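Here is the structure we will look at, set down as structure tokens.
The values are calculated or read from the model by the stated rules, or taken from the named source; none is laboratory data. Keep in mind that what you see is a predicted model, and the values were worked out from it rather than measured. All Cβ positions, glycine included, derive from the backbone under ideal geometry; neighbour counts span all protein chains shown.
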Number of protein chains: 2
Amino acid sequence: MKQSQLFMPTLREIPADAEVKSHQLLLKAGYIRPVTAGMFAYLPLAKRVLNKIEAIIREEMDAVDANEMLVPEVLPAELWERSGRYATYGQDLYKFKNRQDRDFILGPTHEETFTELFANDVKSYKKLPLLVYQIQAKFRDEGRPRFGLLRTREFIMKDAYSFSADQAGLDAAFTKMEAAYVKIFDRIGIDYRVIVGDAGAMGGSDSKEFSAPAAAGEDTIVYSDQSEYAANLEMAKDAYVRQENPQEGQELAELQKIDTPNAKTIAELAELLDEDPAQLVKTIMVVTPDEDLVAVVTTGDFEVNLVKVQNHLGYPEVELADEGLVKETVGASFGSLGPVGLPENVQLLVDERAADLVNFAAGANEDGKHFLNVNWGRDVELNDDQVADFRTAKEGDLSVDGKGKLQFTKGIEIGHIFKLGTKYSKALGAQVLDENGRNTDMIMGSYGIGVSRLLAAIAEQKSDDKGLVWPASVAPFDVHLVPINLKDDDQAKVTAELEASLTDQGLEVLVDDRKERPGVKFADADLIGLPIRITIGKKAGEGIVEVTVRGTQSEFEMRISEVNESIAVLLDGQEDAQ
Amino acid sequence: MKQSQLFMPTLREIPADAEVKSHQLLLKAGYIRPVTAGMFAYLPLAKRVLNKIEAIIREEMDAVDANEMLVPEVLPAELWERSGRYATYGQDLYKFKNRQDRDFILGPTHEETFTELFANDVKSYKKLPLLVYQIQAKFRDEGRPRFGLLRTREFIMKDAYSFSADQAGLDAAFTKMEAAYVKIFDRIGIDYRVIVGDAGAMGGSDSKEFSAPAAAGEDTIVYSDQSEYAANLEMAKDAYVRQENPQEGQELAELQKIDTPNAKTIAELAELLDEDPAQLVKTIMVVTPDEDLVAVVTTGDFEVNLVKVQNHLGYPEVELADEGLVKETVGASFGSLGPVGLPENVQLLVDERAADLVNFAAGANEDGKHFLNVNWGRDVELNDDQVADFRTAKEGDLSVDGKGKLQFTKGIEIGHIFKLGTKYSKALGAQVLDENGRNTDMIMGSYGIGVSRLLAAIAEQKSDDKGLVWPASVAPFDVHLVPINLKDDDQAKVTAELEASLTDQGLEVLVDDRKERPGVKFADADLIGLPIRITIGKKAGEGIVEVTVRGTQSEFEMRISEVNESIAVLLDGQEDAQ
């Protein structure tokens, strides 16, 4: 394609409000433009990258016999009322009425839509398992859209769903999809980790996240420096093993209430008592969607992990309780809360590490007072089902598999696969007759890839100070032909010949036919980041051009007669190098 | 692909509420399912057809250097307020508020979005002309969605826009796009006509419609039986030529008011006066968006054409006036209206045929009264700019080009191209500096293809009593392999070999591996309508299979060794036959 025909408005300056690298580069290189907050137009170069990403996804989905479909983006609210999500999804759900005053939503995801289709049209286990997917715009009314394409209100997602008649079918689909995802991300050439994800919010049992390490990432990837273990921060576990009987051989000292008017934080309490925070507990109050209060106790050196709490309780979400509500219910403010003497309507959960403490200090549920020498059993009843890992893992702790220490890095979620189970099939009546003629709920999986987010994630990882550096598999064009002066007959002839012969090879060629200075052409070429640049200059008449490999910035002269053969090899090399 | 892995829920019965053939067949053959009124899920077979249609569109758009892009589907209302369409687009526009109470719409088309992008990023005529397009869901809150995919609330459209610095650039883009559309529809294999369309509603000057003849079509195609002339009913013209001076040599009889209490219609008046309706006039009142009344006079044998009226007046829409308003303003009811003595605030328009009448009868603007011997000039002032073609053409009249008679047929609008001019660039400030350094409005064109509607239009045209008959270029698969009994070793072996060898040729193969009776398999095969079926039966062991060409239902035996070579030829033949 001729660059004069391409809508590619590069900028001299990076717009001031673009905070992260991908946003800055995609704006500057003329790939995207904002249309309104959190919604972007994909200009031609970006659309070419999206098309390549989508083609790779389609090939790998088709390879595992997933069926491509397309469902409406506008959905009747009634469908989401039946699953319960119309009420629980929160403010991110776009809601509106049509001209007949009926309620609709813009789909952020489509579990309900596909489940309903299967409920109506699949009646026997013999038709299962089936895998379906679609690539389509999704909508989420983010409170604070940000970071360019990383957090938007309208985005392109590949969503897939598996329907099976039994658990083995779900397990097989999950395994197939995980393998397909690995192929997809490998082919796209992005660096990523497969990590343990949180399935709880989707009502599922098991999940894996595909996360691309990048400074702009909003997620924390926790990984072991000596094993394959990796999880997102909400799910990450350290290697703590509970003691069998911590009180054995210890003298239980007398419970004692003391004044601690100036000890509102763990640090202040630890200093006052001259005690290690790991030997103290802190108590946090959370509130469930049913508006029940739950007290969660951890040792003073850890933070409470709300996701672990909500998954333990079986809620899609819990929130930190409001201090007013806590004071009204418990009679004390934050900083003086503790497990002893809680009202009956407040449930108690205790982290494993805190459950193993003996003679520990805790808030007395009375402002400005703490207890010393609290002991489980004696002072507070505590059952095993109240004890679990409710803490957020810390960098440097031993990995849960016992191999290596936990390390933290920032990541961008680019894919997520879930074992959903029967949450949606139960709610929407998606059942099949099994081998014995009995009705059984279909067992579902749900599998997403953030297509437009991938565009940004690649840009976050693959760039240098001159601009973008696309992996060959998803670059908008394969080769950038840059003649220095098209009025020179030799250069014009070589340019036309190379364009024709490279195109004949099936390569996508962009020809910079603009009347610009060479410096402008080179700067734009580096900025938009095609894998191979061929500069046609003064030596064209001698049969020589200059080849620049964008990734390595290596430049060398090449005989024109060798170009056709060499470029394919160079492009392959680019892909292997990823 | 194995049919057991394909989500293809065929039905025994056609759902009762499906009125037109495409809707019935696409439901029955498992291509589509309704999700809510006017919104459909495209099941795997339909999505494969859509993908092929889209691929053809992309290839032909790319061939004319159109740039593929993608803009948000959710748009800020403010953008449409600036073009004026937020107020004028009517109830079909989905409007809603986001969580911050800001107004948004769901885009039914994207002139504003692209104009805004070009306004911000293109500043010089040197960057133009440019062509851009996208393929994407569009939204229109139809009052009465109907006929399956033919009139929906969410649909897939290819919309394209051209931006030029001068009129010649627009003309060139329009010509290029028209040629590309011809290639697209030829390749898709649909029967269509290129007809004169109505550009008025889009604020443009010239338009062509691509209309697919089909009984289910909601549009009327008017065409000459002896020339290339074709237009939609709103734009169609007959060959009437105005008389130079109709009153010359005629005696102007005295104006006379008569009682006509029982002549409320033209038929009644013609009978009362024993006169040809072509020698009488009727007067219709329309109301403009500015709430002005306009009287439109035609001869009694024609209907007023509101589109011609609104285009003449330069409004996107006019409506028939309410009788109450007419009575209040004019003092008479429908049936007694006429051009003589209208109030000054009522504008008068006269059709050419009516303007050539002498001594004609017309309503007297007094209930139950008519005038006889009305004459233009003497009784009513009439200037040339009030006279034009305001009538709806009639079947059988002479075509405007003087060649042949006008014929009517029903058609489905599948494409529409417009010369838009500067309506949107003026409104949104999309200007470039021209060669002389002066600011000039960009001149735009707009070009649409109804992608999901095409799916239905093809189905309307290409089917028989057994089911769908896809053109080879857009069929979901090329070849349907139907083994009678896969437990038979010979049949299983031949099926596997043919699947592999045909796939290696680049053909898409569907293998019916289901445990169903042959009759069920054949019926399903005919219903879903793939171009070539190969039945692998008892003679498989002898190296013989049966080939069925879906389009012609011709069946013949073929040696397996000849299949690979013959199928490609048969498929080509199918495409040529279109």
query: For the subset of segment B:410-445 comprising residues that are out of contact with any helix residue (DSSP H, G or I) (no Cβ under 7 Å at 6 or more places or on another chain) and among the hydroxyl-bearing types (Ser, Thr, Tyr), which member is nearest to residue B:125 (Cα to Cα)?
result: B:440
query: Can you name the residue in segment A:530-550 that is within 34 Å of the chain's Cα centre (by Cα) and surrounded by 19 or more Cβ atoms within 10 Å (Cβ to Cβ) and, of all such residues, is farthest from residue A:462 (Cα to Cα)?
result: A:533
message: So in segment B:76-97, with the set limited to residues that are modelled with pLDDT under 95 and within 11 Å of chain A (Cβ to nearest Cβ), which one is nearest to the chain's Cα centre (by Cα)?
response: B:92
message: Looking only at segment B:301-345, filter to residues that are among the charged types (D, E, K, R) and within 35 Å of the chain's Cα centre (by Cα); which one of those is farthest from residue B:361 (Cα to Cα)?
response: B:317
- prompt: Residues of segment A:355-386 being surrounded by fewer than 20 Cβ atoms within 10 Å (Cβ to Cβ) and of a type in the set (Val, Ile, Thr), which ones?
  reply: A:358, A:380
query: What do you reckon, is residue B:45 over 22 Å from residue A:94 (Cα atoms), assigned to a helix (DSSP H, G or I), more than 23 Å from the chain's Cα centre (by Cα) and at the interface with another protein chain (Cβ under 8 Å from one of its Cβ atoms)?
result: no
- prompt: All but one of (1) among the hydrophobic types (A, V, I, L, M, F, W, C); (2) free of Cβ contacts under 8 Å to residues at least 60 places away in the same chain; (3) crowded, with 18+ Cβ neighbours inside 10 Å hold for residue A:520; which doesn't?
  reply: (3)
task: Exactly one condition in (1) buried (at least 21 other Cβ atoms within 10 Å of the Cβ); (2) more than 7 Å from chain A (Cβ to nearest Cβ); (3) within 30 Å of residue B:529 (Cα to Cα) is not met by residue B:37; state its number.
output: (1)
Segment B:196-249, residues that are touching a residue at least 60 places away in the same chain (Cβ under 8 Å), small (Gly, Ala, Ser) and under 30 Å from residue B:378 (Cα atoms): B:239
- request: With the checklist (1) surrounded by fewer than 22 Cβ atoms within 10 Å (Cβ to Cβ); (2) at pLDDT 95 or above; (3) in contact with a helix residue (DSSP H, G or I) (Cβ under 6 Å, 6 or more places away or on another chain); (4) within 23 Å of residue A:471 (Cβ to Cβ) in hand, flag the one item residue A:9 doesn't pass.
  value: (4)
task: Could you list, in sequence order, all residues of segment B:475-494 that are surrounded by fewer than 23 Cβ atoms within 10 Å (Cβ to Cβ) and either more than 29 Å from residue B:56 (Cα to Cα) or not assigned by TED's automatic domain parsing to the domain that holds residue B:552 (or both)?
output: B:484, B:485, B:486, B:487, B:488, B:489, B:490, B:491, B:492, B:493
- request: Of all residues in segment A:283-300, count the ones that are free of Cβ contacts under 8 Å to residues at least 40 places away in the same chain and more than 21 Å from residue A:88 (Cα to Cα).
  value: 1
- request: May I ask you to verify whether residue A:408 is crowded, with 16+ Cβ neighbours inside 10 Å and of a type in the set (Phe, Trp, Tyr)?
  value: no
Condition check for residue A:16: within 9 Å of chain B (Cβ to nearest Cβ), of a type in the set (Gly, Ala, Ser) and either in contact with a strand residue (DSSP E or B) (Cβ under 9 Å, 6 or more places away or on another chain) or within 21 Å of residue A:145 (Cα to Cα) (or both): no
- prompt: Pick from segment A:138-149 the residues that are at negative phi and not hydrophobic (A, V, I, L, M, F, W, C): which of them is nearest to the other protein chains (Cβ to nearest Cβ)?
  reply: A:141
statement: Taking segment A:521-538 and the residues there that are touching a helix residue (DSSP H, G or I) at 6+ places or on another chain (Cβ under 8 Å) and assigned to a loop (DSSP other than H, G, I, E, B), the one that is farthest from residue A:502 (Cα to Cα) would be A:537
task: Filter segment A:165-176 down to the residues that are crowded, with 23+ Cβ neighbours inside 10 Å and within 14 Å of another protein chain (Cβ to nearest Cβ), then identify the one that is nearest to residue A:459 (Cα to Cα).
output: A:173
Segment B:476-512, residues that are assigned to a helix (DSSP H, G or I) and of a type in the set (A, V, I, L, M): B:492, B:494, B:496, B:498, B:500, B:502
- request: Could you check how many residues of segment B:48-62 are more than 9 Å from chain A (Cβ to nearest Cβ) and in contact with a helix residue (DSSP H, G or I) (Cβ under 7 Å, 6 or more places away or on another chain)?
  value: 7
statement: Here the residues within segment A:128-149 that are within 26 Å of residue B:48 (Cβ to Cβ) and modelled with pLDDT under 95 are none
task: Scan segment A:98-137 for residues that are over 19 Å from residue B:6 (Cα atoms), buried (at least 23 other Cβ atoms within 10 Å of the Cβ) and within 9 Å of chain B (Cβ to nearest Cβ) and jot them down.
output: A:104, A:106
task: Those residues that are of a type in the set (A, V, I, L, M, F, W, C), within 24 Å of residue B:104 (Cβ to Cβ) and assigned to a loop (DSSP other than H, G, I, E, B), I need them from segment A:25-42; list them, please.
output: A:37
